[in-house]
1. Anything in segment 192-213 that is in contact with a Leu (Cβ under 9 Å, 6 or more places away or on another chain) and open to solvent by 30 Å² or more (accessible area, probe 1.4 Å)? List them, or say none.
2. So, in segment 173-191, of the ones that are of a type outside the set (Lys, Arg) and surrounded by fewer than 16 Cβ atoms within 10 Å (Cβ to Cβ), which residue ends up farthest from VAL221 (Cα to Cα)?
3. How about segment 174-222: which of its residues are of a type in the set (S, T, N, Q) and part of a strand (DSSP E or B)?
4. Which condition number does THR255 fail, the rest of (1) hydroxyl-bearing (Ser, Thr, Tyr); (2) within 24 Å of ALA149 (Cβ to Cβ); (3) at pLDDT 95 or above being met?
5. Quick test for you: out of PHE152, PHE125, pick the one residue that is among the aromatic types (Phe, Trp, Tyr), surrounded by fewer than 22 Cβ atoms within 10 Å (Cβ to Cβ) and either in a strand (DSSP E or B) or in contact (Cβ under 8 Å) with a residue 24 or more places away in the chain (or both).
6. Considering each of GLN48, GLN5 in turn, give the residue that is open to solvent by 50 Å² or more (accessible area, probe 1.4 Å), within 20 Å of the chain's Cα centre (by Cα) and in contact (Cβ under 8 Å) with a residue 40 or more places away in the chain.
7. Please list, ordered by first then second residue, the pairs with beta carbon atoms under 6 Å, 6 or more apart or interchain, first in segment 156-172 and open to solvent by 80 Å² or more (accessible area, probe 1.4 Å), second β-branched (Val, Ile, Thr).
8. In this structure, does VAL36 turn out to be modelled with pLDDT of 95 or more and either in contact with a Lys or Arg (Cβ under 6 Å, 6 or more places away or on another chain) or of a type outside the set (A, V, I, L, M, F, W, C) (or both)?
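The values are calculated or read from the model by the stated rules, or taken from the named source; none is laboratory data. All values reported here derive from a predicted model rather than from experimental measurement. With ideal geometry, Cβ positions are generated from the backbone for all residues, glycine too; neighbour counts draw on all protein chains shown. For accessibility, only protein heavy atoms count, side chains too; no ligands or nucleic acids. Shrake-Rupley method; radii C 1.70, N 1.55, O 1.52, S 1.80 Å.
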Amino acid sequence: MKIKQVLSALEQFAPLPLQESWDNAGLQLGLTEAEVSGALLCLDVNEQTVDEAIRKGCNLIVSHHPLLFRGLKQITDGDYVQRCVIKAIKHDIVVVSMHTNMDNAKDGVNWKIAEKLGLENGRFFARKQVGDTEAGSGVVGDLAQSMKAEDFVRLVKERFQVACAQCNELLTRPIRRVAICGGAGDFLLDDAVEQGADAFITGEMHYHVFFGREQQIQICVIGHYQSEQYTSEIFRDIIQRECPGVRTEIAETNTNPIVYL
């Protein structure tokens, strides 16, 4: 199967028009007429990721975050992005990224987070319509049973393997409805409140956004990388379903640039 067929399957699931205007999702570099030797699935592309693809015999890297956000004025060894481009081209590796189009797609990043938490009755909020495709920046759903705030935070930490979470004052009422936005989601906090959510989970938030929400909604911030770490599972499921026979490898490289001491 050719790389372009894998790319087509990914884009049918999360069409590129769903991406935000500032984004650069889709084909990043490489020639898509080549046969797929294997697809390495990851959150970010760095030099270690490219090395892993080479080591595992994968000539396709599918990432969530784009390698190329801005245009390159030169390609040298000046930074990791340029070095990744050089190494990928040298080894005939194609790089494809599914970013905010996958964030906004049905069964995309936020739906995966909801799945990990066992939420029911999932639905978009902050909806957007692109052609005939329904999409949204966030997902809201309900826990099977109401939980105390501290038990809810403990559940989130366990499911996303985080040692600590940034929270505002713990709610004194039970938590049942949960709003989600993977990555940097504080722009959706007001929408989460309007949805009647008891809790809002995201990857990162600005300091001042925490103020004034005491006993209104339980904020739970778990880290950008941590919130989106399961996105590779979405890529794997799409490829295995639509491109049978293509070998998929979820990257072992931890690309989180933040070290917790």
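1. Applying the first criterion (in contact with a Leu (Cβ under 9 Å, 6 or more places away or on another chain)) to segment 192-213 yields 198-202, 205, 209, 213.
Correct list: VAL209, ARG213.
2. If we filter segment 173-191 for residues that are of a type outside the set (Lys, Arg), which is where we start, we get 174-175, 178-191.
From the residues that got through so far, the ones that are surrounded by fewer than 16 Cβ atoms within 10 Å (Cβ to Cβ) too are 174, 184, 187, 190.
On the way: PRO174: 19, ALA184: 9, PHE187: 13, ASP190: 15 Å.
Among those residues, the one meeting the criterion is PRO174.
3. Kept after step one, since they are of a type in the set (S, T, N, Q), are these residues of segment 174-222: 195, 202, 215-216, 218.
Within segment 174-222, THR202, GLN218 meet the criteria.
4. Of (1) hydroxyl-bearing (Ser, Thr, Tyr); (2) within 24 Å of ALA149 (Cβ to Cβ); (3) at pLDDT 95 or above, only one is false for THR255: (2).
5. Values: PHE152 fails: surrounded by fewer than 22 Cβ atoms within 10 Å (Cβ to Cβ).
Answer to the selection: PHE125.
6. Values: GLN5 fails: within 20 Å of the chain's Cα centre (by Cα).
Result of the check over GLN48, GLN5: GLN48.
7. So the pair list comes out as GLN166/VAL221.
8. Details: modelled with pLDDT of 95 or more: yes; either in contact with a Lys or Arg (Cβ under 6 Å, 6 or more places away or on another chain) or of a type outside the set (A, V, I, L, M, F, W, C) (or both): no.
So VAL36 does not fit the description; no.
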